[in-house]
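Enquirer: Mind looking over this structure? Questions follow.
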Amino acid sequence: MAKLLPRDPVGRGNRFLFGWIKERFPTVPWADVTRQSVETVQRQLPRSHTEKYELKTVWYWYPLYCLGGISFIAFLVTVITGIILGFYYVPDGTDIFTSAGIPTNAAKLSVACINGDSDCPWSPVPFGFIIRGMHHWAAHMMIAAVFLHMCRVYFTGAYKKPRELNWLLGVILLLLTLLFGYSGYLLPGNDLSGGAATIGINMSKASPGPPWLGEFVANLLFAGTDVLTANYILRMYWFHVFILPLVGTLLMILHMALVWVQGVAEPH
Amino acid sequence: MELELVRQRVFEEKPGFPRQYGPDRTDRQPGQPFWPHEVYRDLVLILLMVAILFLLSAAITPPVGPAKDPTIQPFIVPDWYLLFSWGLLKVAEIFPTGVIPDPLGNGLLGPVSVDTGFWGDILTSLPVIPLFLLPLLDRGREERPAKAPLRSALGLYLIAWIFSSSLYAINNLVIEKWPFIGGDDTLKWFFVIPPLYVGIASYVGLRRLGYREMYWWRVIPIGVALWLFSVQALDTFVLQPLDAGRSLGAHAATLALPQIQGLAFIVLMLFAVMVVTFYAVTFLDERRARALLKPFFVVWIVLFLLVGKFIESTQPASFDFILHQTIPSMHLLYGAPIFVLITAYVGLREPYSAYEYLLNECYQCGKCHTACPVTKVEDDALGGLNLVYNTFKKQHDGVPLWTCLACDACSAVCPLDIKYSDYILEERAKALAVGPPSGRAS
């Protein structure tokens, strides 16, 4: 009888539930492998030059080595605030006219509600202006940090062997960041959005090459070649919230993985 | 083992030397663990950044503005990071336009219409192409900016160029605010001349920092700037009035007008500072040039500001006239003197600080100490001495100034090619040139 009793009757219920899950989705070995790989000495952050040689002198450029990290953190802030904004934003640029005959559109009205402006036709979003402001300023901070990060890498010559590939990745990320900013300020459907989209259409139509190329690019990005259609906001929305984040995040992970593997380049 | 003992005595506990050797090393990656060391520090910085963002967004709400209007074309200014592209699109009108005909005739490859938008696209992609090619063209190992002056100067040139094109994007606003600027052409010259000033001045300064041969790098840029300035001044004062069809006598009469005299005085002051600088860097040795130019620059700048203030307060009409005459050619009339001042300053900086900069590269590997024969006999050098580092820090004189044999063994083993014995010889020469210490009059 005693042999049949479990040694730990209290833990049985716990094990029953988690055991049921673990039998079907065995996470434990994977967690162990992950922890081992993180905790082994080979996977720790490589020591910096200063730490390795126990230097007493610290190079005065070192504060500039945090710029890549700052741009990544700013990116995370834009992701979080962008997810919140996505609940309230309406990607519809169709021109509608108020009773006074003033043109407006749903995108602009939804942004007015987020901002808590007086022309909001629906209920205003609580603290929406803070969320939108953080999205705005974090985007500016990200772009500025990316520019300065690139300057730092250039002036310290950190793009040289074996980091050429990472430099090329970084240039692509810079262009993606600019596209992020551009597609972002086309979304609110205001006058800046309309004017910038017109410039964008003209520039894509003028793509160096035969006419069909420019027309294809303009149609793809702005849903129109000659006049500004309402759909450009939807196209830019798709770029801004799906394509650019997907490609950008993947490349950022690659970029930082390469830094981890190769170590930080420190000029002597 | 004797060898083991020797190795322990030489290498053990010395920074930069691993304590174990061969494939059995266990201290291969003794880094800081990410958790918790790095995470704590990063968390503080991240929270600080988020706090700054909160503060910014609470204080300055970005305005939305009116909705887009399909009937009107609004005047817009893009965000700052796209201004350069907008400026390049605007300046593209100076390029020739036309149509490249279709080579096949089936519309697959052409016709390519070469218009303003075409040139705008090409110009916008121009700064990107060198960025892609950079790691393939510039090889070698990473270096400080001062050790690669050409690369650094090119980078600063490109940054200045991007600033210029961003400025051109808002040319309407600039011309509206400062109508005497002389129109679009003055702003177009911003693409060419100021970036060159920035690039050349920084190249000269970085060469100086790297302790390279300097003479011609001071004389030629300053001389060319002086020459361009003289041509421009001649054009403003003599050629343009004569071209306008005036006789020499009438021209002489206009030269007596008070506003013309004020203009001439300002231009002569600018000319004077350039001529004196050119004379100093060409005919004087460095020390004398520094001794002459340092007080001269200070006095000149104060005098120039005072004269400008005086004319502005006593003769406002003359002041306006001077502005209208000089601002359209400001790239030469004001840019060249500023360029000369800065180039002379960075090109003539004291070499002692330059040497200190070179010694600063030392990362205390200690090889110089191991190689130095003097440290084997000097009693106070038997401890953890490090020639270059200690000299740089002035904590210990390294090998004392007059005991060094200048055998260059330290430079031969130095992984960074720091020329320690050059430094010692230079210091000795300086000590001798200054003369014996006071009390031993000779």
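Enquirer: Which condition breaks for A:ILE102 when tested against (1) under 22 Å from A:LEU234 (Cβ atoms); (2) open to solvent by 20 Å² or more (accessible area, probe 1.4 Å)?
Expert: Going through the list (1) under 22 Å from A:LEU234 (Cβ atoms); (2) open to solvent by 20 Å² or more (accessible area, probe 1.4 Å), A:ILE102 breaks only (1).
Enquirer: For the range A:229-268, how many residues meet the condition of being touching a helix residue (DSSP H, G or I) at 6+ places or on another chain (Cβ under 6 Å) and part of a loop (DSSP other than H, G, I, E, B)?
Expert: Qualifying residue count for the region: 1.
Enquirer: Let me ask something additional. Being farther than 21 Å from B:GLY210 by Cβ, surrounded by fewer than 20 Cβ atoms within 10 Å (Cβ to Cβ) and at pLDDT 75 or above is the requirement here; does B:ALA371 meet it?
Expert: Yes.
Enquirer: Please work out if A:PHE75 is open to solvent by less than 20 Å² (accessible area, probe 1.4 Å), of a type in the set (Phe, Trp, Tyr) and more than 10 Å from chain B (Cβ to nearest Cβ).
Expert: yes
Enquirer: Give me the pairs, please: first residue somewhere in the range B:195-208 and touching a residue at least 40 places away in the same chain (Cβ under 8 Å), second residue anywhere and of a type in the set (D, E, K, R) and assigned to a helix (DSSP H, G or I), beta-carbon distance under 8 Å, and either six or more positions apart or on two chains.
Expert: Every condition considered, the pairs that remain are B:VAL204/B:ARG218.
Enquirer: For B:ILE301, are the conditions met, namely being under 27 Å from B:PRO179 (Cα atoms), surrounded by 13 or more Cβ atoms within 10 Å (Cβ to Cβ) and among the aliphatic types (A, V, I, L, M)?
Expert: The answer is no for B:ILE301.
Enquirer: Same structure, new question: Let me spell it out: the conditions are (1) crowded, with 21+ Cβ neighbours inside 10 Å; (2) in a helix (DSSP H, G or I), and A:GLY93 meets all of them except one. Which number is the exception?
Expert: Checking A:GLY93 against (1) crowded, with 21+ Cβ neighbours inside 10 Å; (2) in a helix (DSSP H, G or I), the one that fails is (2).
Enquirer: Something else about it: Quick test of your reading of the structure: B:GLU176 fulfils all but one of (1) open to solvent by 50 Å² or more (accessible area, probe 1.4 Å); (2) more than 27 Å from the chain's Cα centre (by Cα); (3) within 11 Å of another protein chain (Cβ to nearest Cβ). Name the failing condition by number.
Expert: Result: B:GLU176 fails condition (3) only.
Enquirer: Another question about this same structure. For the range A:184-201: of the residues being among the aliphatic types (A, V, I, L, M) and open to solvent by 10 Å² or more (accessible area, probe 1.4 Å), which is farthest from the other protein chains (Cβ to nearest Cβ)?
Expert: Out of the qualifying residues, it is A:LEU187.
Enquirer: Considering only the range B:302-330, how many residues are touching a residue at least 24 places away in the same chain (Cβ under 8 Å) and among the charged types (D, E, K, R)?
Expert: Final tally of qualifying residues: 1.
Enquirer: Output the residues belonging to the range B:108-123 that are farther than 11 Å from A:GLY209 by Cβ, open to solvent by 30 Å² or more (accessible area, probe 1.4 Å) and either in contact (Cβ under 8 Å) with a residue 40 or more places away in the chain or more than 7 Å from chain A (Cβ to nearest Cβ) (or both).
Expert: B:THR116, B:TRP119
Enquirer: A further question follows. Scan the range A:117-151 for residues that are modelled with pLDDT under 95 and open to solvent by 60 Å² or more (accessible area, probe 1.4 Å) and jot them down.
Expert: Answer for the range A:117-151, where residues must be modelled with pLDDT under 95 and open to solvent by 60 Å² or more (accessible area, probe 1.4 Å): A:SER118, A:ASP119, A:PRO121, A:TRP122, A:SER123, A:PRO124, A:PRO126, A:PHE127, A:PHE129.
Enquirer: Go through (1) under 24 Å from A:TRP61 (Cα atoms); (2) more than 14 Å from every other protein chain (Cβ to nearest Cβ); (3) acidic (Asp, Glu) one by one and return the number of the condition B:ASP184 breaks.
Expert: (1)
Enquirer: Checking the conditions here, which among B:PRO135, B:PRO127 is within 12 Å of chain A (Cβ to nearest Cβ), open to solvent by less than 50 Å² (accessible area, probe 1.4 Å) and touching a residue at least 24 places away in the same chain (Cβ under 8 Å)?
Expert: Answer to the selection: B:PRO127.
Enquirer: Next up: Any chance the range A:78-99 includes a residue that's more than 9 Å from chain B (Cβ to nearest Cβ), at positive phi, at pLDDT below 95 and out of contact with any Pro (no Cβ under 6 Å at 6 or more places or on another chain)?
Expert: Among the residues of the range A:78-99, not one is more than 9 Å from chain B (Cβ to nearest Cβ), at positive phi, at pLDDT below 95 and out of contact with any Pro (no Cβ under 6 Å at 6 or more places or on another chain), which makes the answer no.
Enquirer: Same structure, new question: Do we find that A:GLY133 is under 19 Å from A:ILE114 (Cα atoms) and more than 7 Å from every other protein chain (Cβ to nearest Cβ) in this structure?
Expert: So A:GLY133 does not fit the description; no.
Enquirer: Further, regarding this structure: Polar (S, T, N, Q) and touching a residue at least 60 places away in the same chain (Cβ under 8 Å), is that true of B:SER166?
Expert: yes
Enquirer: State which residue is most open to solvent (accessible area, probe 1.4 Å) when the search covers only the range A:152-174 and only residues that are within 7 Å of chain B (Cβ to nearest Cβ) and over 14 Å from B:ALA148 (Cα atoms).
Expert: Within the range A:152-174, the match that is most open to solvent (accessible area, probe 1.4 Å) is A:LYS161.
The values are calculated or read from the model by the stated rules, or taken from the named source; none is laboratory data. Computed from a predicted structure; not experimentally measured. As a convention, Cβ positions derive from the backbone with ideal geometry for all residues, glycine included, and neighbour counts pool all protein chains shown. Please note that ligands, DNA and RNA were not included when accessible areas were found on the heavy atoms of the full protein model with its side chains. Shrake-Rupley method; radii C 1.70, N 1.55, O 1.52, S 1.80 Å.
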